[in-house]
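First the structure, in the form of structure tokens, and then the observations on it.
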Amino acid sequence: MPVWTPGYYQVMNYAANIQNFNVVNSRGSLLKWEKSSENGWKINTAGDLSLVISYDVKATTAFVAGNYLDEERGYISPAGLFIFPAGMINNPVTVRIEPYEKWSTVATGLEPVKGKANTFYAADYDVLFDSPILMGNLESFPSFTVNGIPHYFKAFKPGVFNQQQFMADLQKIITTASGIIGDIPYSHYTFLAIGPGGGGIEHLNSASIAFSGEGLNTKEGRIRIYNFLAHEYFHHYNVKRIRPVELGPFDYDKGSRTRMLWLSEGVTVYYEYLILKRAGLTGREEMLQAFRASIKNYETKPGRNFQTPADASYRTWDEGPFGRTGDEVNRTISPYDKGPLLGMLLDFKIRHETKNKQSLDDLMRLLYNKYYKQKSRGFTETEFRSEAEQLAGVSLADFFDYIYTLKPVDYSTYLGYAGLSIDTVARELPGAWLGVAVRDRGDSLLITNSEWQSPAWAGGLRRRNSILQVNGSKMNAQAFNGLMASLKAGDKIKILFTTSTGVKEEEIVLQTKKEGSYAIKQVDDPGALQTAILKSWFGEN
Ligand SMILES: [Zn+2]
């Protein structure tokens with residue numbers, strides 16, 4: 001049984017959820033077996049090649065990378081449910097679902113077997129592991145086609161919103177995203193919305209997503225959901241097919257590590273923003289705002305001084321999907337953090353060097369056609385770089401330093417290629433700066449964040465410590481925040497707090513925080529090439 005599911009780069013130890021493992025041979029006799037590894041079983045078949053293996057799977061995790069079952073729905077994350085015969089991963093598989101009698105729908109990207117109810121076929125176990133199954137009384141939104149290919153959206157408890165409008169917008173997203181690559185490689189595609197919550201996993205012809213349509217009722221929520229759907233959808237190109245060589249065939253026992261998740265994840269975030277703008281769902285200002293927020297998020301993260309995007313990619317297995325745990329929070333970034341920025345730098349550089357005749361879109365198309373379609377494999381880091389440099393016609397050493405070193409980003413040069421500028425000057429923010437965020441926990445305050453190199457940080461306050469007293473009194477979060485708002489830089493505050501070893505009191509002098517706005521603007525009097533690059537980047541040709 002796999003220990004992980006592709007798309008979610010964490011060891012899940014799925015085999016620990018298996019109980020009541022039983023094997024009978026063709027004559028119905030029980031066979032002996034033993035655990036051969038954490039995720040393997042060795043069966044004494046006595047030469048009988050026809051076996052029936054049965055087992056129960058604990059299905060209590062309502063999450064895209066888990067299995068879940070209750071009276072209302074079932075969700076199968078296949079890598080965590082199906083075992084496979086060792087060494088036979090390339091064998092074809094048939095799956096028959098017997099749904100609970102009160103359920104109407106079984107939804108999956110798997111191919112249905114004609115004439116057999118709820119029976120599906122996968123060409124091999126890789127395809128099976130890549131095809132989650134959602135069942136229950138699901139809502140089917142109005143489907144649409146792009147280039148004649150049907151797209152479905154099946155949802156458990158999606159909430160109340162305008163489904164027609166939503167599907168019309170989703171059609172624009174898919175038309176735009178598939179137009180970037182110029183080829184649709186599947187015969188049908190299904191969004192599986194497993195219910196409210198968080199998270200999504202991309203697949204070859206489906207995406208499993210946590211989803212609540214209620215969010216679509218505000219503009220901000222709508223853009224957030226559209227970004228998310230554009231992200232999961234674009235992944236069927238970028239990571240599933242346009243992929244680092246390490247990401248398929250997968251190592252289901254150990255996991256597959258790559259130093260290119262900044263490309264597979266981060267640049268997929270880059271394309272979210274481009275796709276929404278080009279689909280007409282956002283405007284110029286909203287797109288620049290999205291990049292501003294991304295860049296500010298990256299530039300204010302201390303981990304950028306310690307971890308390169310290549311290392312963040314490789315170490316995501318140890319650090320969690322979003323890069324940061326415990327006291328290491330300030331020493332790491334996630335593969336997502338710098339991605340939109342890297343996509344933008346590379347795109348502008350290629351456009352500039354080729355007089356806007358080539359772009360990152362051309363590079364993605366080239367990788368798709370050459371490696372996925374012709375060679376049926378992923379690319380190495382060296383191949384990626386060499387393809388990018390050939391397309392640009394120049395060395396991209398300066399760009400690749402942003403992936404393999406901690407070199408500060410030269411914004412003015414790269415954004416200047418598109419006639420843009422960014423305000424990176426750190427200015428004083430109003431109010432006094434301590435540098436902690438807190439919430440109530442019992443009769444103390446739990447520190448939910450301590451900013452690196454803030455006065456609080458220097459005083460020894462850390463995330464997950466508790467503040468017991470402020471200036472000699474107990475205080476709830478509301479009173480604490482009120483006190484902070486009333487103080488000014490230079491004021492002193494006495495804090496009694498827990499540490500990993502005991503209790504400590506510190507007198508902390510409040511300071512003023514400085515931060516860049518990272519606002520992105522168009523330069524005055526751009527040249528012809530700058531104007532052309534910006535226009536085509538916005539998709540306004
Ligand atoms: Zn992703």
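The values are calculated or read from the model by the stated rules, or taken from the named source; none is laboratory data. Quick caveat, the model's predicted, so the values are computed rather than measured. Don't worry about glycine lacking a Cβ; one is built from the backbone with ideal geometry, like all the others, and counts go over all protein chains shown.
Determine if region 61-70 includes at least one residue that is in contact with a helix residue (DSSP H, G or I) (Cβ under 8 Å, 6 or more places away or on another chain), away from the ligand (no atom under 16 Å from the Cβ) and either modelled with pLDDT of 95 or more or among the polar types (S, T, N, Q) (or both). Walk me through how you get there before you give the answer.
Kept after step one, since they are in contact with a helix residue (DSSP H, G or I) (Cβ under 8 Å, 6 or more places away or on another chain), are these residues of region 61-70: 65-67.
With the extra rule that they be away from the ligand (no atom under 16 Å from the Cβ), the set shrinks to 66-67.
Now restrict to residues that are either modelled with pLDDT of 95 or more or among the polar types (S, T, N, Q) (or both): 66-67.
Yes: one or more hits.
If you scan region 255-281, which residues turn out to be in a loop (DSSP other than H, G, I, E, B) and of a type in the set (Lys, Arg)?
Step one: of region 255-281, the residues in a loop (DSSP other than H, G, I, E, B) are 255-260, 279-281.
Passing the criteria: Arg257, Arg259.
Tell me yes or no: at least one residue of region 144-154 is surrounded by fewer than 23 Cβ atoms within 10 Å (Cβ to Cβ), of a type in the set (Lys, Arg), modelled with pLDDT of 95 or more and touching a Ser or Thr at 6+ places or on another chain (Cβ under 9 Å). No, region 144-154 has no match at all. Taking region 117-140 as the range and being more than 24 Å from the chain's Cα centre (by Cα), of a type in the set (D, E, K, R) and outside any strand (DSSP E or B) as the test, only Asp124 passes. In summary, strands (runs of 3 or more DSSP E) completely within region 1-88 and bearing 1 or more residues that are among the aliphatic types (A, V, I, L, M), more than 30 Å from Asn137 (Cα to Cα) and touching a residue at least 24 places away in the same chain (Cβ under 8 Å) occur at 18-25, 51-57.
When you scan region 470-501, how many residues do you find that are touching an Asp or Glu at 6+ places or on another chain (Cβ under 8 Å), hydrophobic (A, V, I, L, M, F, W, C) and either part of a helix (DSSP H, G or I) or closer than 20 Å to Pro430 by Cβ (or both)? Going through region 470-501 one residue at a time, the tally reaches 2. Whenever a residue of region 261-277 is in contact (Cβ under 8 Å) with a residue 24 or more places away in the chain, its partners that are β-branched (Val, Ile, Thr) and within 12 Å of the ligand (Cβ to nearest atom), lying with C-beta atoms within less than 8 angstrom and at least six residues away or across chains, give the pairs Leu261/Thr316; Ser264/Val239; Glu265/Val239; Thr268/Val239.
Taking the conditions exactly as written (of a type in the set (A, V, I, L, M, F, W, C), more than 33 Å from the chain's Cα centre (by Cα) and surrounded by 13 or more Cβ atoms within 10 Å (Cβ to Cβ)), does Leu461 satisfy them or not? Give the steps one after another, and end with the answer.
Working: of a type in the set (A, V, I, L, M, F, W, C): yes; more than 33 Å from the chain's Cα centre (by Cα): no; surrounded by 13 or more Cβ atoms within 10 Å (Cβ to Cβ): yes.
In short, no.
Could you count how many residues in region 120-143 are in contact with a Leu (Cβ under 8 Å, 6 or more places away or on another chain) and either buried (at least 23 other Cβ atoms within 10 Å of the Cβ) or in contact (Cβ under 8 Å) with a residue 40 or more places away in the chain (or both)? Talk me through it step by step, then tell me what you get.
Keep residues of region 120-143 that are in contact with a Leu (Cβ under 8 Å, 6 or more places away or on another chain), which gives 120-122, 127-128, 130-134.
Among the residues that remain, those that are also either buried (at least 23 other Cβ atoms within 10 Å of the Cβ) or in contact (Cβ under 8 Å) with a residue 40 or more places away in the chain (or both) are: 127-128, 130-134.
Number satisfying all stated conditions: 7.
Every condition in (1) touching a residue at least 40 places away in the same chain (Cβ under 8 Å); (2) touching a Ser or Thr at 6+ places or on another chain (Cβ under 9 Å) holds for Tyr371 except the one numbered (2).
For region 144-251, the strands (runs of 3 or more DSSP E) that sit wholly inside it and include 2 or more residues that are in contact (Cβ under 8 Å) with a residue 24 or more places away in the chain and either within 16 Å of the ligand (Cβ to nearest atom) or over 20 Å from Asp361 (Cβ atoms) (or both) are 149-155, 189-193, 200-202, 206-209. Note on region 303-375: no enclosed helices (runs of 4 or more DSSP H) hold 2 or more residues that are within 21 Å of Ser450 (Cβ to Cβ) and modelled with pLDDT of 95 or more. Summed over region 376-401, residues that are over 29 Å from Phe250 (Cβ atoms), among the aliphatic types (A, V, I, L, M) and part of a helix (DSSP H, G or I) total 2.
Go through region 242-281 and count every residue that is under 23 Å from Gln374 (Cα atoms) and among the aromatic types (Phe, Trp, Tyr). Final tally of qualifying residues: 1. Looking only at residues in region 282-302 that are in contact with a helix residue (DSSP H, G or I) (Cβ under 9 Å, 6 or more places away or on another chain) and assigned to a loop (DSSP other than H, G, I, E, B), the one that is surrounded by the fewest Cβ atoms within 10 Å (Cβ to Cβ) is Gly283. Annotation: Tyr271 fulfils all but one of (1) away from the ligand (no atom under 14 Å from the Cβ); (2) under 21 Å from the mean Cα position of the chain (by Cα); the unmet one is (1).
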